[in-house]
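The values are calculated or read from the model by the stated rules, or taken from the named source; none is laboratory data. This is a predicted model, so every value here is computed, not measured. Neighbour counts are summed over all protein chains in view; Cβ atoms, including those assigned to glycine, are modelled from backbone coordinates with ideal geometry.
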Amino acid sequence: MSPEDEEPKIYLLPNLMTAGNLLCGFLAILTIFKGMQEESLLAAMPSYQTAMLYIFGSCLFDLLDGRLARMGGQESPFGQEFDSLADMVSFGLAPALLVSRAVLADLEVVTPFDPEGSGITWAFAFIYLLCGGIRLARFNCLARIGKGGRDFRGIPIPMAAGFVASLTFIIIKFHEEQRTLGWGAYVLAAMILGISLLMVSNVRYPSFKKIDLKTKANVWTLLGTAVLLGVIMNFKVYAPAVIFVIYLLIPVFRWLKKSEKVGELES
């Protein structure tokens, strides 16, 4: 076997999209560091908002790389590993750093070991990062043994990052003229813990892998999608958060209802 035959297959377009994902994540981190140099949260807000847009850009590139790979029959082990590494930066490290510095920095958490508060707030962000890494590792293991399935097991990390970024964007928008986020910091801290647990849960989330250029739709589906896009364009600050919340909650309710039925049958 020649050395060329031992090299992993690297397809240009899908992996170029993954590189775009990684670039957006890297730029998000650099922008967050820039915001950290400011003297107050108010002065840093423009940098943090720009970082959120980079995270949304990573979501777009992540959507494209998988679609291009499946459409061209170019899925490969290299692409899967490269995608996971890029996701860990763009949807793991970048959102964790964002919430740690943009939101949780002024969250007062008083403990016996830290009477002045705020000493353990980094733990919220690290829990998110840790669960994101576990989520990606589990996904790769299941895919490798052919048990990935059509649905995701646990909320996928790009959707988790999109949820965190969109909610952070709204909370910062509400406190645009203030130096601290007040109640918003506590809300987001609770949401981060919840989304972290969902990433490593067994709740099934739709993957939409079957949707491509050959997917057929009726008139009502086309009309509804067009209206949805119009709403997103018109309410671009709030619409992404609403979409991510709907995607997050519907499978949870479905899972709870199923668990309740199983409990009734066992009793």
Going through the stretch 7-26 in order, the residues found to be crowded, with 17+ Cβ neighbours inside 10 Å and of a type in the set (A, V, I, L, M) are MET17, LEU22, LEU23
When the stretch 119-138 is checked residue by residue, the ones that are modelled with pLDDT under 90, buried (at least 20 other Cβ atoms within 10 Å of the Cβ) and either under 23 Å from TYR247 (Cβ atoms) or not polar (S, T, N, Q) (or both) are PHE124, ALA125
Of the listed residues (LEU256, LEU228, LEU248), the one being aliphatic (A, V, I, L, M), in contact with a Leu (Cβ under 8 Å, 6 or more places away or on another chain) and at pLDDT 70 or above is LEU248
Going through the stretch 37-53 in order, the residues found to be aliphatic (A, V, I, L, M) and under 22 Å from the mean Cα position of the chain (by Cα) are MET45, ALA51, MET52, LEU53
With the structure loaded, tell me whether SER196 is within 14 Å of the chain's Cα centre (by Cα) and at pLDDT below 85 or whether it fails that test. no
Within the stretch 11-36, residues over 16 Å from the mean Cα position of the chain (by Cα) and of a type in the set (Phe, Trp, Tyr) come out as TYR11, PHE33
